[in-house]
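What follows is a short report on a single structure.
Only the coordinates and a few stated rules stand behind these numbers; no lab work does. These numbers were taken from a predicted model, which means no experiment stands behind them. For neighbour counting, all protein chains shown are included, and Cβ atoms are generated from backbone atoms with ideal geometry for every residue, glycine included.
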Amino acid sequence: MTAFLVRRLGFALITLFAVLTIIFLIVRILPGDPAQVILGDQADAATVAALRTRLGLDQPLLVQYATFLAGAVRGDWGASLVTGRPVVQEVLSVLPWTVELTVYALLIGAVTGIPLGVWAAVNRNRATDYIVRMVSLLGLSFPAFVSGILLLIGFAIQLRWFPVISGQRGTWNAWLQSLALPAINLGLIMAAYITRVTRSAMLEVLSEDYVRTARAKGVPWPAVVWRHALRNALIPIITIVGLYLGVLIGNSVLTEIVFNRPGLGKLIVGALNQRDYTMLQGMMVIYTLLVVLINLATDIVYGIADPRVKLQ
Amino acid sequence: MTKSGLFAGCMGLALAIGFATSAFAQKTTLNVGLASADVGVLDPHMNSATTGKSFLQQIFNGLVRLKPGEISPDQIESDLAESWTSSPDGKVWTFNLRKGVQCHHNFGEFTAADAVFSLKRAATRETSTFSSDYSAFDSVEAVDPYTVKITLKNPIPSLLGVVMNYHGGQMVCKAAVEQMGNEAFRRKPVGTGPFAFNEYVPQQYGKLVAHDQYFRGKPVIREINFRLIPSDAARDLAFQAGELDMLYARQDQASFNRLKQIPGVNALAMNPAEMSVLHFNMTMPPLDNIKVRQAVAYAIDRDGIHQFRGRDVSRQSVSVVPNGYLGALADAPLLPYNLQKAKDLLAEAGHPNGITLKTIHTTLPGMMSFMEAVQAQLRRAGITLEITPVEHATFHQQIRQNLSQVVHFQAARFPVADVYLSQFFHSRAIVGTPTGVTNFSHCKVADAEIDAARSEPDKAKQITLWHEAQRKIVNEVCAVPVNESLQLWAMKDTLDLGYPIKGALNLGPGVLETSRFTK
């Protein structure tokens, strides 16, 4: 296990280095001048050039890269080119928002998606199966910003159960109320994925010989489904959850915008629009680390769910 | 009645009054919805963003200010300076400051030393985006603690415009900048305005609190929360749910109509308008031929675009300087819509089968829809407009690299003709040169008039020169001004800003010490 972790962390460092280099190059190849963005459209060319010099953007690319790497090794990610606020502080200030939204969306997705998937598989080709498949297809094809606005109109405007501006803290009640709609919005999309994967994995497992044997030995049907079949169907479910979590962290931007929540996705889009190189680099480090950690956690959970999987 | 009965009665009455008072207590927290996830750097000398200006204007004063709700430069009144005088040649200006003005967060009294420091900071390229506004400044000095003297190298069209509560004219407190340093100041700005900075959380909100020592009096509103909500739909929903009292609305006629129909809501379409202008790069064929430029101008139906954009939320342009700016020409010889004339001119220019023009354009929806309407109009005259959409930062870079034959630029400026003419039509501002700003057409026909007007002390002559400059630019067809979009805001009718609002130079209704909720 220790050797496995050390090896995976070694790979993670190499991945991180590669991502940093690619991001460093990509943001600089993109057209668009951060100095112009910062100064606005009334600054003359000389003022823009002076700011480029102050920001070090007139240096050769290699010099900028060396400075960036030296800072990265020291843990210094610099300050946002646009706001001047430290990158680490900016990223860390929104990270908890992203993590809590992702975790709650995952919980909603798993709690809803797994039972629905099992139910559909058990009732294959019956009305309930068709209904679950249709609903999950609807969930997959519904854009997050549309479902978000519909949730807001229904539950925040008409029923007034939740606030529209969901970046609220303070009491537990305010926090939960504020988190509920965005988490449901993302969670339902996740549930749709999980439902479909669970259904197909369960269908495969339910046709296995050992399921028939268990039933022949008189094991109650619920125990066959939940204890024997589901346990063996977990690997593809864990895979899809792991993959989707990584995507969710970056792709929750539409939900963050519609529900006015802070988050990594929104920060990334803002930094990209403003060509905030340092901010983008800092966020990519965090994002890469999160994806690496999620993959690591997925591998570990594989081993727990299925003892045949060895962490070697 | 016994003593105890009387006591109980009095207590009951007191409680009833207390409850009644609290039930009808005036609301003192104002929630404003801004259309951005970040207001940018919190320094008035560095921030030129729409949301940044809206947020920062409550924190700072100028030596003078535009009368609240007005945007015309002839509506200037005193602010930190009680009075001012200028020499007959317009080169020496003396401002007499109010006594006892207090900086926020106990940074002491605002004196002439602060004003001098602030103006020098605004004039320095490293600390100010607006340094070029102060290029005519020769010296700024504190004659005594309450007197500031500004000496100019040459007169400028509006000296008061660069010392008012706008851009570099916003006064920062010297002790705060010196004690905190520029970087820390940009995270916790200190001014003298009715509201002091309290907290800023990127992507969420900025909070201002009442400055009780404000020289015009204690603000009635105690706290302003500027909620940062980039999504038009989310901002709108939050307003409908009562979580916002005022918001920057979606900028179109449909939104305006809908907001006007909501009971208890005041919808405002206000100045300054952003003027949409098509600039023709006159160094690139076929636009180097004036007949082609005239043909394009004849093919544009200004009234059609006005209808498309909305009668209440936009207006037709009248000149290459927007309506209402000091020195704008109300009857500029703009070419009228005439399709036949456009086709004839193209044929005369050697293009009987029409032409193809290329434009690099931002993907911002409001600007893009305008350009698509123009594209449809030009097609009727045989002019094919190929639009290359790029995202906004790329657009700003590429149009400054002479990569676009036609540049659609939409902007509002300080409302004096000189600013628009100097930035868009003077040869010094030609893009791609060290002094380049936004002259995309390479127009230089009116340099002499623009320069002469800048230093002309006689106001009437100055305006005549600006008018002449506009006629020359319009006749040369360096650009076609098409339409002006007003700023759309909405607020609850229980919010009384304390002044009638026609416009807001800082691109958002300013909240004053007298602003209050009526319920």
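Kindly give Rg over Rh for segment A:68-121, based on alpha-carbon atoms, with the Kirkwood expression for the hydrodynamic radius.
The Rg/Rh ratio comes out at 1.35.
Using the beta-carbon distance between A:LYS217 and A:LEU289 and R0 = 45 Å, what value does 1/(1 + (r/R0)^6) give for FRET efficiency, to the nearest 0.05?
Efficiency computed from Cβ-Cβ geometry: 0.40.
What is the sum of charges around B:ARG471, taking Lys and Arg as +1, Asp and Glu as -1, for the other residues whose C-beta is under 10 Å from the C-beta of B:ARG471?
So the surrounding residues net to -3.
Could you check the simple spin-label distance between B:SER139 and B:GLN401, using points 7 Å along Cα→Cβ, in nm with one decimal?
4.6 nm
Among B:LYS53/B:LYS492; B:LYS153/B:LYS218; B:LYS343/B:LYS444, which pairs are too far apart, with a Cα-Cα distance over 32 Å?
As for pairs spanning more than 32 Å Cα to Cα, those are B:LYS153/B:LYS218.
For a quick check, take a GNM of chain A with Cα springs below 10 Å and name the residue from A:LEU13, A:LEU62, A:LEU290 with the largest mean-square fluctuation.
Its mean-square fluctuation being the largest, the pick is A:LEU62.
Using only Cα atoms, locate the centre of segment A:20-86 and the centre of segment A:126-203, then give the distance between them in Å, rounded to an integer.
Answer, in whole Å: 39.
Note the angle between two axes, namely the Cα long axis of helix B:3-23 and the longest principal axis of the Cα atoms of chain B, as a number of degrees from 0 to 90, rounded to the nearest 10.
For B:3-23 against chain B, the angle is about 10 degrees.
Listing A:TRP161, A:TRP175 from the residue with the fewest other Cβ atoms within 10 Å to the one with the most, what is the order?
A:TRP161, A:TRP175
With a/c under 1.5 counting as rounded, go ahead and sort chain B into rounded, prolate or oblate using the C-alpha gyration tensor (a ≥ b ≥ c being the square roots of the eigenvalues; past the cut-off, prolate if a/b is larger than b/c, else oblate).
Judged from the Cα gyration tensor, chain B comes out oblate (a/c at least 1.5, b/c at or above a/b).
So what's the gap between the Cα centers of segment B:413-476 and segment A:241-312, to the nearest angstrom?
Value for the Cα centre distance between the two parts: 51 Å.
Can you sort B:SER255, B:SER515, B:SER118 by how many other beta carbons sit within 10 Å, fewest first?
Sorted ascending by nearby Cβ count, the order is B:SER255, B:SER515, B:SER118.
Count charges around B:ARG227 for me, please; just the other residues with Cβ under 9 Å from its Cβ, Lys/Arg as +1, Asp/Glu as -1.
My count for the surroundings of B:ARG227 gives 0.
Ranking request for peptides B:445-452, A:219-226, A:81-88: highest mean number of other beta-carbon atoms within 10 Å first, then the rest in descending order.
A:81-88, B:445-452, A:219-226
List the lysines whose alpha-carbon lies under 20 Å from that of B:LYS341, not counting same-chain residues fewer than 8 positions away?
Candidates past the 8-residue exclusion: B:LYS291.
Does anyone have the angle between helix A:172-206 and the longest principal axis of chain A? Alpha-carbon axes, 0 to 90°, nearest 10?
So the helix axis and the longest Cα principal axis differ by about 50 degrees.
Taking a ≥ b ≥ c as the square roots of the Cα gyration tensor eigenvalues, with a/c under 1.5 meaning rounded and otherwise prolate when a/b beats b/c, else oblate, which class fits segment A:218-312?
oblate
Summing +1 for each Lys or Arg and -1 for each Asp or Glu, what net charge is found among the other residues whose Cβ lies under 10 Å from the Cβ of B:ARG400?
Here the count lands on -2.
Ignore the peptide's own chain and count Cβ atoms of other chains within 10 Å of each Cβ in B:42-49; give me the average, rounded.
3
Rounded to the nearest 5, what % of the DSSP beta bridges within chain B are antiparallel ones?
75 percent
Could you list B:GLU372, A:GLU256 so that the one with the fewest beta carbons within 10 Å of its beta carbon is first and the one with the most is last?
Ordered from fewest to most neighbouring Cβ atoms within 10 Å, B:GLU372, A:GLU256 come out as B:GLU372, A:GLU256.
Collect residues whose amide H, placed 1.01 Å from N in the peptide plane, falls under 5 Å from the amide H of A:ASP33; neighbours closer than 5 in sequence don't count.
When sequence neighbours closer than 5 places are left aside, the close amide H contacts are B:GLN397.
Let me make sure I get this right: for segment B:386-519, a, b and c are the square roots of the gyration tensor eigenvalues over alpha carbons, sorted descending. Under 1.5 in a/c it's rounded, otherwise prolate if a/b > b/c, else oblate. Which is it?
Oblate shape, in that a/c is at least 1.5 and b/c is the bigger or equal ratio.
Evaluate the Debye formula for chain A with equal point scatterers sitting on the alpha carbons, no solvent, and hand back log10 of I(q)/I(0) at q = 0.15, 0.16 Å⁻¹, in q order, two decimals.
Results for chain A at q = 0.15, 0.16 Å⁻¹ read -1.22, -1.29.
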